[in-house]
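The values are calculated or read from the model by the stated rules, or taken from the named source; none is laboratory data. Nothing here was measured: the structure is a model prediction, and the numbers come from that model. Please note: Cβ atoms are built from the backbone with ideal geometry, for glycine as well, and neighbour counts cover all protein chains shown.
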Amino acid sequence: MSIQRRRFVAAVGAGALAGAAGCLGGTPVSVGSSSSAGAGDADASDDGPGVAGETLTLTTTTSTYDTGLLDAIHPDFEEMYGVSVDAVAQGTGAALETARNGDCDVVMVHARGLEDEFMRNGYGVNRRDLMFNDFVIVGPTDDPAGIEGMGSATEALTAIADAEAAFVSRGDNSGTHTKERNLWEAAGTDPGGDWYQEIGGGMGEALNNANQQGAYTLSDRGTFISQRSEIGLTVLVQGPIEDGPEVLANPYGVMAVNPGVHDDANYDLAMAYIGWVTSPGVQEMISEYESDGEQLFFPEAVSENPDFQQYVPDGWNGGE
């Protein structure tokens, strides 16, 4: 690892993870006992991409960390290859910027438009669909804007703006913030004023802020479920998992940093990680991962009809 990357991991990694962990209230989380199932029989003694003692640096959205998913599944990979995974929790925009700067090896995020831009510009390679959940609009149980049960996310946001009801935005260029901006644009509304607050923080922080203020916010379902017992907010507009609008779908992807751009990226280990996390066994682990008795993520890497578009940016024409 280069001096620059060692400094990055020391300065950002520990602080970011501690901050993300601080957003949660310690809700018990469980995962199925599928350790190494379907992921292969290799171990650290086998010839393979991992060298004992190496560190794979993963930048990822805060939701995969806040929910505890990575803590549940990563020991399997670390034991298999005799390496460690340094998962740095950031918003999607920050995670991709870290990768552009060559300060990580692999990226796991959830904003396909930003991922496509990252790939088109040559910074990422070998993207795979990983899993999905959805976004939900949550708020206080008294619902001052009257949005409960609405079948349109844009109509719900319009109602919040018209009522000037308090709304907390992550404001951090994350995947969730990107989705929120897209929804406001589709609603034909430019949010602003005292009722609209951008906090520049992670999902857990946004939920805590919304809870304290009796405000609305857009959340991924997984983080909301993992924190639900600690806050007084409720889901008012569902995503497609509960038959809500498809526009609230929340797919996650994983991709390696391009070693042709950053030759110190640990490409071999990154590709081992991508193969592992998209394997049938680990996809099953993701499927079985629960909080408060509910599934948080739904695997998407293993399919009878895999989508070719997962590998290339939107609009890619093969160089024509």
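Structure above, values below:
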item	result
Some residue of the range 293-305 being assigned by TED's automatic domain parsing to the domain that holds residue 58, crowded, with 20+ Cβ neighbours inside 10 Å, out of contact with any helix residue (DSSP H, G or I) (no Cβ under 7 Å at 6 or more places or on another chain) and of a type outside the set (A, V, I, L, M, F, W, C)	yes
In the range 248-305, residue nearest to the chain's Cα centre (by Cα) [restricted to those that are of a type in the set (S, T, N, Q) and part of a strand (DSSP E or B)]	250
Hits in the range 149-183 (condition: closer than 19 Å to residue 213 by Cβ and part of a helix (DSSP H, G or I))	156, 157, 159, 160, 161, 162, 163, 176, 177, 180
Among (1) over 19 Å from residue 245 (Cα atoms); (2) surrounded by 20 or more Cβ atoms within 10 Å (Cβ to Cβ); (3) over 16 Å from the mean Cα position of the chain (by Cα), the one test that residue 153 misses	(1)
Residues of the range 219-247 classified as hydrophobic (A, V, I, L, M, F, W, C), within 17 Å of residue 297 (Cα to Cα) and crowded, with 23+ Cβ neighbours inside 10 Å, total	2
Residues within the range 185-203 that are touching a helix residue (DSSP H, G or I) at 6+ places or on another chain (Cβ under 7 Å), part of a helix (DSSP H, G or I) and over 18 Å from residue 134 (Cβ atoms), tallied	0
Residue in the range 166-176 that is at negative phi, without any contact (Cβ under 8 Å) to a residue 60 or more places away in the chain and small (Gly, Ala, Ser) present	yes
Qualifying positions in the range 49-64 - under 13 Å from residue 175 (Cβ atoms) and part of a strand (DSSP E or B)	59, 60, 61
Residue 122 vs. criteria in contact with a strand residue (DSSP E or B) (Cβ under 9 Å, 6 or more places away or on another chain), in contact (Cβ under 8 Å) with a residue 40 or more places away in the chain and small (Gly, Ala, Ser)	no
